[in-house]
Amino acid sequence: MLSFFKRYKLHHTVKQPQHYPFSFMTVCEYLPPMSKGAFELADQSLENTSDWLYQQHDHETAENFGHFNHDKLENGEFQEALSLSLSRHSIPVLVTNCTEAILSMLPVVVSYRDEVGVVNIGHDMNLKPTLEPRLGSAFHFALSRYQNVRLFFAGVSEQDTKQETWEYAEDQGCDWVTDKEFSFRHRNNVKQLIGNYLDHCDQIILSIDLGSLKTKNSLDGTSEIDIQMVLRTIRQCLVAGKVRAIQLVGDRDRLVYSRQTKAILEELYQMAPLIVHAA
């Protein structure tokens, strides 16, 4: 529930012509095979995150739209807030519990006249070809529902990605760099690849899996994605002037409040003058 101060701010920003480069929202989606308990924990965590973002952020740089639970995705409240943010030329920044939240975003963000590129930074491609949306299927549905959506995957796990997933990604015309390639040593090559990709897109949605930026277990063989590469990619996309929305995916406190997440938010604040100028 929004605090009095946030409600006051929301109602009063409508009357003010001030331009906010970013609009923060937290979104909790409920999808199988997620348990009810896991959803409720994530929902509470993200509601607290919304308050934390409001307290932390630079109030000249970002507006806070509050928390949207599954019901608000179902009844259209989230989509209305998203549409309002975009109409003000403000970039929505979502913190959400699963990548599939992008499927509630796309109908509002995607224009059928434009080529829409999704840059996904994370170990998993989320290309499970399921009949209905489930965890891990976000980009399968993004590609199958929209003819003008294309994918660039940065940091895909060489070790954990199955051969059939690579083949499916290739069949769908996706571009990617693996976790080994998405490194500071290869930064110039990565910058060129992403630059070529951006040249062929009219709009960009950035999706960042916060769990891939933190190692769960140093023994499992999958290394965390270098935060410096993440920040460079955010910067490159924002400088191109094509970013329509940003999604940060994390379902628990240790991800949402991590130093990596704070570094991403700090990068956005630093880039804000560029967004203001572009608007």
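Residue-level check: of (1) hydrophobic (A, V, I, L, M, F, W, C); (2) in contact with a helix residue (DSSP H, G or I) (Cβ under 6 Å, 6 or more places away or on another chain); (3) surrounded by fewer than 20 Cβ atoms within 10 Å (Cβ to Cβ), L193 misses just (2).
Restricted to helices (runs of 4 or more DSSP H) entirely inside the stretch 223-279, those with at least 1 residues that are among the hydroxyl-bearing types (S, T, Y), out of contact with any Gly (no Cβ under 9 Å at 6 or more places or on another chain) and surrounded by fewer than 21 Cβ atoms within 10 Å (Cβ to Cβ) are 259-278.
When D171 is tested against (1) modelled with pLDDT of 95 or more; (2) surrounded by 18 or more Cβ atoms within 10 Å (Cβ to Cβ); (3) acidic (D, E), only condition (2) is not met.
Filter the stretch 137-165 down to residues that are under 22 Å from V230 (Cα atoms) and free of Cβ contacts under 8 Å to residues at least 24 places away in the same chain, then give me how many there are. Final tally of qualifying residues: 1.
The values are calculated or read from the model by the stated rules, or taken from the named source; none is laboratory data. Small disclaimer: the values here were computed from a predicted structure and weren't measured. So basically every Cβ, Gly included, is an ideal-geometry build from the backbone, and we count neighbours across all protein chains shown.
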